Every structure is written in structure tokens, then in C-alpha cells.
Amino acid sequence: MRRPLLLTGLVLAPVALVLALAGFVSDDAWVERIGYRMGTSLGIRLNAPTREAGLEAIEAAFERVARLEGVLSTWRDDTDLARLNRIPVGHAVRLAPELRGILTEALGWSGRTEGAFDPRVGALVDAWDLRGEGRVPELRGLERAVKASGPDAFQLDGDRAIRLREGAWIDAGSFGKGAALRDAHRALVELGVTDALLDFGGQILAMGAGGAGADGWTVPVAHPSRRDETAATLRLRDRSAATSGSSERFVTVDGVRYGHLLDPRSGRPVEAWGSVTVIASDPFVADVLSTALFVVG
Ligand code: ADP
Ligand code: MG
């Protein structure tokens, strides 16, 4: 009876070793966290070799987003962009390299979209009181706000920016989330993350395929006005998807809804006609173009 026992032992030992190795190799973890950044929710779900490594990566991504919020936010007055927005008319100031890079990129898109996209819409946001209760501006006020928007409002000149009009300011609302997702992506790549799904207020960044055996992350696109219905389903792999519409964020004046996306050329809020989803490998580009194409119609 000793031999079968020995035999069993000889057979079982390698099996145990293989099982242990398999266990070691697949000892990976899915980790998830949802937080609040840039005035909206940021959800990150990712795969990492260990739970600790996963939590560390998520923490790093959240930190990167918070850091950029400290550069771009116009909802507080201590950021680089908020300071730029306060400079006196006619004055030029030197921009910190990061803000300069981002603004150069964003304003470049203004030229490429013939002004449909332009973050220099602050005067119009104020004219329509889009951050408050909402108001329909009088014609004179509207004309003034159009003049204080777009290329006539602010200009970049090398590493300097000049404010040209009273009441003009730059709003990062249309590209801030995209820029932040790009930073978060860099942080995750640096820490070796290959499989992750980030949802930043509806803008998606899908890294990898969504787990072993999957051929992409499944991402629903909500119906533009019946938000709880799915209008389309995307399968994304190393892509970002940004959606713009005006049925979710708007103000109501005398029973009429005015969306938060403006046509800088007419100075008027774009009618709620549907939504645009743009898929791009660069989340910044997806964010910019979804806004631009919604305005174009
Ligand atoms: P969301 O925040 O819903 O994802 P967007 O990315 O499209 O929407 O950005 C909307 C914000 O961009 C607005 O709240 C406004 O501050 C600003 N904005 C409005 N119209 C334009 C425009 N034509 N070009 C650039 N920014 C705009
Ligand atoms: Mg956008």
C-alpha cells in the first residue's frame, strides 16, 4: 500500500505546483473607484496584478485629474486659467508651459472648425447666464458679448496671452474633461495598467480589451433626450468616446429651454437637435470634436 501512496504523491506534487503557479499568475484584481472631479463624477475600473497595485494606480489617476483641475478650473479663482481670465484688457501675460500648451491646442481647433468650437465663449455664457438661472440677452448685450467672444476676445502670442475685450473669458468646459482623461491615461500607462475603463461625466476612455478573452469594452450611448434609454452600443478598445448634446444641461427662461452649448458666431445657444458621439484615440480630440460637431449641426 505504500507504493500507490508514493505514486499519488508524485502525481499530485506537480499538479499542485501548476495550480500554485496558475494561481500566482491570475492573482490579478479588478479595482474600482468613483469620485467627484471637475464638477462631475469620475469612475475608474481597472485590472492590476494585485489589489494594492490597482488602488495605487487609481489614486495616481485621480491625483492627475485633480492637479489639472487646479490649472483649468474657472469655478475657483486660484487656478492658472482663472488668473488669466482676470488680467486687464490690453495686457499680455506669460503663460505657464502647461496652460500654454493646452490653450494653443484648444484654440487651434477653433481655427480648424471655423469658429464653431471656441473656448473663448465666457462673455456669451454670462450674457445668457448659463451658469445661473438663465436669461435671454437684449440685442445690444448679445452683440457686445459676440464681440467679446472668439478670436477678438483673447489671443495667444508665443508664450504670452493678451486679453482684448472687457467681459471676455476662456471656459475650459468643452475640453477640460478630455484633457484630464489624457493625463489620467498617462498616469495609468506609467504604472503598467493595460486594461481600464474610465467614465468622466459620460466621456469614456477604454484601455485594452476589457479583460481576458474580450474584444473591447461595451459602452452604451444614451438616447439624447430619453437618457435612460440606450440609443447605440459601442465596442471600444484603446479609444475615447465623447458625447455632446444640449438636452441634459440647459436653463429655462419663460418656458423655453436654452442649452449650454453656444454657437460663438451667432452668439446663440444651439437648438437641442440630438447628440454627437465622437470616438478618437485622443480623449482631448474626442471632447473638442463632439462639442464642435454638435454646434455645426
Ligand atoms: P459637457 O460638459 O456636457 O460634456 P461639452 O464638452 O460639449 O459638454 O462642453 C460644454 C461647455 O463648453 C459649456 O458648458 C460651455 O462652457 C462651453 N462651450 C459652449 N459652447 C462652446 C463652443 N461652441 N465651443 C467651446 N466651448 C463651448
Ligand atoms: Mg466637449
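The figures follow:
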quantity	calculated
Residues being buried (at least 19 other Cβ atoms within 10 Å of the Cβ) and not in a helix (DSSP H, G or I) - total across the stretch 176-198	5
Filter pass, residue 196 being modelled with pLDDT under 95 and more than 10 Å from ligand 1 (Cβ to nearest atom)	no
Scope the stretch 279-297; condition closer than 14 Å to residue 260 by Cα and near ligand 2 (Cβ under 9 Å from one of its atoms); matching residues	290, 291, 292, 294
Condition met for residue 186 (farther than 26 Å from residue 45 by Cβ, more than 16 Å from ligand 2 (Cβ to nearest atom), at pLDDT 95 or above and charged (D, E, K, R))	no
Count of residues meeting criterion [assigned to a helix (DSSP H, G or I), more than 10 Å from ligand 1 (Cβ to nearest atom) and touching a strand residue (DSSP E or B) at 6+ places or on another chain (Cβ under 7 Å)] in the stretch 278-288	1
3 or more residues modelled with pLDDT under 95, surrounded by 14 or more Cβ atoms within 10 Å (Cβ to Cβ) and within 16 Å of ligand 2 (Cβ to nearest atom): qualifying strands (runs of 3 or more DSSP E) within the stretch 91-175	none
Residue in the stretch 253-273 that is within 16 Å of ligand 1 (Cβ to nearest atom), among the small types (Gly, Ala, Ser), over 12 Å from the mean Cα position of the chain (by Cα) and surrounded by fewer than 16 Cβ atoms within 10 Å (Cβ to Cβ) present	yes
Residue 52 under 30 Å from residue 252 (Cα atoms), assigned to a helix (DSSP H, G or I) and more than 14 Å from ligand 1 (Cβ to nearest atom)	no
Of all residues making up the stretch 248-297, the number that are of a type in the set (Asp, Glu) and in contact with a helix residue (DSSP H, G or I) (Cβ under 6 Å, 6 or more places away or on another chain)	2
Filtered residue count, the stretch 228-240, keeping only those that are loosely packed, with under 13 Cβ neighbours inside 10 Å, farther than 23 Å from residue 284 by Cβ and of a type outside the set (Val, Ile, Thr)	2
Residue identified as out of contact with any helix residue (DSSP H, G or I) (no Cβ under 6 Å at 6 or more places or on another chain), in contact (Cβ under 8 Å) with a residue 24 or more places away in the chain, of a type outside the set (Asp, Glu) and over 21 Å from residue 33 (Cα atoms) among 232, 209	232
Candidates 158, 202, filtered to the one that is over 24 Å from the mean Cα position of the chain (by Cα) and on the phi > 0 side of the Ramachandran plot	158
Yes/no for residue 238 being touching a residue at least 40 places away in the same chain (Cβ under 8 Å) and away from ligand 1 (no atom under 16 Å from the Cβ)	yes
Selection from the stretch 34-65 of residues that are aliphatic (A, V, I, L, M) and exposed (fewer than 15 other Cβ atoms within 10 Å of the Cβ)	34
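For (1) among the hydrophobic types (A, V, I, L, M, F, W, C); (2) within 21 Å of residue 178 (Cα to Cα), each residue gets a yes or a no:
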residue: 108; (1), (2): no, yes
residue: 116; (1), (2): yes, yes
residue: 124; (1), (2): yes, no
residue: 137; (1), (2): no, no
residue: 142; (1), (2): yes, no
residue: 160; (1), (2): no, no
residue: 164; (1), (2): yes, no
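The values are calculated or read from the model by the stated rules, or taken from the named source; none is laboratory data. Just so you know, these numbers come straight off a predicted model, no measurement behind them. In this analysis, Cβ positions are derived from the backbone assuming ideal geometry, glycine residues included, and neighbour counts consider all displayed protein chains.
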